[in-house]
1. At 1.4 Å probe size, what's the solvent-accessible area of A:His240? Round to the nearest 10 Å².
2. What does the structure give for B:51-57 when I average, per residue, the other chain Cβ atoms found within 10 Å of the residue Cβ?
3. Can you find, among A:Pro280, A:Ala105, A:Ala129, the residue farthest towards the positive end of the dipole of the range A:81-294? Put +1 on the C-beta of Lys and Arg, -1 on that of Asp and Glu.
4. Need one number: buried accessible surface between chains A and B, 1.4 Å probe, both sides summed, DNA, RNA and ligands left out, in Å² to 100.
5. So for the protein assembly as shown: antiparallel DSSP bridges make up what percent, rounded to the nearest 5?
6. Calculate the mean, over all residues of peptide B:92-99, of how many other protein chain Cβ atoms lie within 10 angstrom of the residue's Cβ.
7. Report A:Met231's accessible area, 1.4 Å probe, all protein chains in place, as a number in Å² to the nearest 10.
8. Please list, in chain and number order, the residues 5+ apart from A:Leu491 or on another chain whose amide H is under 5 Å from its amide H, with Hs placed from the backbone.
Amino acid sequence: MPNPRLPETDLPNTRLPHSRLPNAGLLAHGVLTFCRMLSRHRLYAALNIVGLGLGIAVFVVLSLVVRFEYGFDRRLPNAALIDRLDEIWTLPGEGRTHSMFSTFAAYDPLRADFPQIAAATRIDDNRCAVDDGRGQPATMSVSFVDPAFFDVFALPMRDGDARDALAAPDRVAISESTARRLFGTVDARGRQVGITNDDRRTLYTVSAVFRDVPPDMTVRPDILAVFPQDMKDRTLAFRHWGSSSGATWLRFRAAADARAVDAGLPDFVHRRMADPEVKPGWFNMTLSPLLDTHFGDLHNFGGESGSDRRVIDALGLVGLLALVAAVINYVNLATARAGLRAREVALRKVLGATRPQLVAQFLAESVVLLVPCAVLGVALAELALPFVNAMGGWAVAIDYAWLLPRMALVVLLVGVAAGLYPALVLSGYRPAAVLAASRAPSGGRMGQRLRNVLVVAQFGFAIAFAICTLVVNAQAAFLRTADRGFRQDHLFLVSLETSDRMQGRQQAVMDAMRAVPGVDAVTLSDRQPRSNNQSNSDFRRTDRPSVDPMLTIEKIGRNYRQAYGVTLVAGRWFDAAHGQDVAPTAQIDDNKPTTTSIVINERAVQALDFPDAASALGQVLTERQARFVIIGVVRDVRFMSARAPVTPQLYLRTDAVIPFSVVAVRADGVAPDAMMRRLQAAWRTIAPDMPFVGEAADGRLANYYRPDQQRGRLFTLGAGVAIVIACLGLYGLSSFSAARRVHEIGIRKTLGASTRDVLGLLVGQFLRPVLLANLIAWPVAWMAMRGWLAGFDQRIALSPSAFVVVSVAAAALSLLTILGQTVRVARAEPAKALRHE
Amino acid sequence: MLIQLSDIQRLYRSDEVETTALHDIHLSIDRGEFVAIMGPSGCGKSTLLNILATIDRPSGGVYRFGDRDLGRLPESELAIFRRTHLGYIFQSFNLIDELTIEENVELALIYRKLPRAERRIRVAAAMDRVGIGHRARHYPSQLSGGQQQRAAIARAIVGEPDLILADEPTGNLDTENGAQVMDILQTLNDEGATIVMVTHSPSHADLAKRRVDMLDGQIVISVRNAI
């Protein structure tokens, strides 16, 4: 008898109207089941939420870092239409040098020849004494520019009009923070500022206050002033094509204009360059788009402390892989535990659930689980960001308007990605088989194999990453302490570069410094650690005139060797007793047949094609009429980044005034801060009206290795999290698997296996994927680090010790992770174990 | 006629072994019947019940439900068939631990997409019918075996199915609770429900209107009980 209450459509022979897709009530019901299941199985919930939370935190933090790095200059209006004029030097014996600095002499011809240029400005950053008319001047960075600066860089204004901010030579535009520093307020328009450059104090009126330039901009001026005429007259770069002093920026109306100008530059150089010292083929110009400079400058002259795109990409990859590692945990734990839900699945199917409905239910569960994980991840990211910023030297903050929609997408995508495979496995159970079985299905051999593959992949990533981290940190540590060919500790640099007047008083300054208590040696030179100032010339071997490399010339005063601690490898150092050791002037007149002693470095020995240092001794080089006798060879001195090769160089000793010089002071027995105060006091006795520009050499050089050191720390953090995530997954799997195998262990022990046998069996099975992971990790890490280290001229050797240490540590950590579970199971009494299930 | 099984076969094949679980099964069940299936372990009772429940497919033969050949339906249609026409009572109850009793009962209706208000009315009615309404907010672990089985019966009948399948519904219960469950099944049958029950208990089988005995995958006896 048919049930009279059933509607007609429910009769067996009628078409069935039911949808196979889930409804909201069904999903809610499924999710409710899942949430209660999580509250019952807290370990499972905690492993998933903590693992995914950590993965999301690393992903968020590193995404923000990548976004910050890739976002450089993109906020600037017309950023895509701004290019920098760069120089390409191809000098004999030196290879190709791409310089981010360009001669200012090209500025006017360039604008005349290329009407496509909408606006152009040169920028020359100088350390100047800046005052507000009262009190002591402060040393600040002043950017001397052309009046069209704001036409190129449309910086947002706080107060004033960009169009006429630099229209007159007595106007300056200053940033908000500079205004606050100078005047205590941002309302600085109309106030007066004194800028002392090259001993000349000029009074300017603040014509505009622009918003502080954010840290993700390449050009970040504090004070903008138009080039004074006397600066143009004095500075070689304004009239000499072989000299450069700053950068030249061009804005175009269309991208095609930039390409056209770039294509026309070789012809422009050929047509316009008028410098007899620059030989054909040595010099060319090219355009570098502003948006490419942040990453592109790393290997350019002047950009050595820039960002390494590969490192940033690697950080982004780490963020993604940390998330993938957490997803792997979820998939592994979910599929491993799938058997526990088999009866629920069977029951739902018996009650009429379709497979798509079950798949949707499990995907919804996964997405729902991602919500607390995302909240935890963002909270952890918020907590970690101050440390990450400090570690990496960034100014990254969470922009929630940017993050939240993306986080919703991440929750959805990761939820579906993590839930898909478990959903397919779970929904695929056949109810009759499940209901007939006496124990829950384990997921089969395929499931077990897949879990092993995923664990291998997860640990492979973690181990490879940890190896890379060790290598990056080792290289950073090496750079910090590497032998630079001179002693950088307890060495202080006092600059005389910005003042012609002080250059004229070099000897007085040196005498004053020498009189400071605790000073061991004082010298003078025109090259110094981390300075792009260098002059080059081509020298010819007299015995082999075909060998004529370009050598960098460093003019030095007395006591240079003692102050810098350079090491002589052959010959002798300069000695005043030898008449020709000390040049009468810093500038050798190469039209006169003078003979001067020089010392060269080891790279110059190679460039001059001497078989060894000793062979170079007594050899004579010529520069036109002038002759130079090699009296000694010193070890290479690295003033620049470890990425840049040391240039072949000669040292020229003189007691005459050395232009653009720096005084170097060695004081081994005095604390750096105390010595700096003493030097400053000594400076005031001879130049009370001039700002003291002094710095410790090791502090200045830190800028070269600090980025690698900072990123090394971030890699350490990422590697640590990756390993923690992997261990969380391993712990989850081992605890689950151990519990499932209690019965099996009971049988084994009944058959005679000892606790030790069982322990060996379990540990071996859990550790096998971890050990296999090394097979993936080692070659990946080796290739990645070989490529990275190749970017350094001075680098560590890629030693197997890092590989062994990380692999042993990973195995040990994994062992610790699983040991508790396995020991407990292995020690279970057989009778009790056999009752388990 | 509600159910007609003709020449049903069920073979299980593994790599090297082929096992015949059912062969030559011919069985007709009318609406309103209460059929008890008996037989020793491994005789194919549960396999037959699973085929009736459409959670297992026969290797051969025809399964007609009304005038519909279920063997031709795809899995998705069978799922819809189950949710609409079948109720299933398990020996081990199979209540979901994470859901309350009323949520477990409601599960059968959720797949039918009934409005929430109607679901609530039906769930309450089903629970009251088996005397479990006062335990609606409890979880399965808080109930005795007998109460759990009554909850499982409520879940089976809440959708007012055409056919209730019971797989040893008293197998995990003591005598008193077993008797209570049988009382409920009899009452349901008296009210018009068609029931097929697998049991090991001759006394419980005697309470059905018809008894089918199986041996080695075949039906050996099919007799109507004197009531």
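The values are calculated or read from the model by the stated rules, or taken from the named source; none is laboratory data. Keep in mind that what you see is a predicted model, and the values were worked out from it rather than measured. Note that each Cβ is placed from the backbone with ideal geometry, even for glycine, and that neighbours are counted across all protein chains shown. The protein model used for the area step is the full one, side chains on, heavy atoms only, and it has no ligands, DNA or RNA in it. Shrake-Rupley method; radii C 1.70, N 1.55, O 1.52, S 1.80 Å.
1. 50
2. Numbers: counts 1, 0, 5, 5, 9, 6, 2.
Rounded to a whole number, the mean comes out at 4.
3. Farthest towards the positive pole: A:Ala129.
4. Working: alone 36680 and 10990 Å², together 43640 Å².
Roughly 4000 Å².
5. Antiparallel bridges: around 70 percent, rounded to the nearest 5.
6. Working: counts 2, 1, 8, 3, 9, 6, 12, 6.
So the per-residue partner count for this stretch is 6.
7. Surface open to solvent at A:Met231 totals about 10 Å².
8. Long-range HN contacts for A:Leu491: A:Ala697, A:Asp698.
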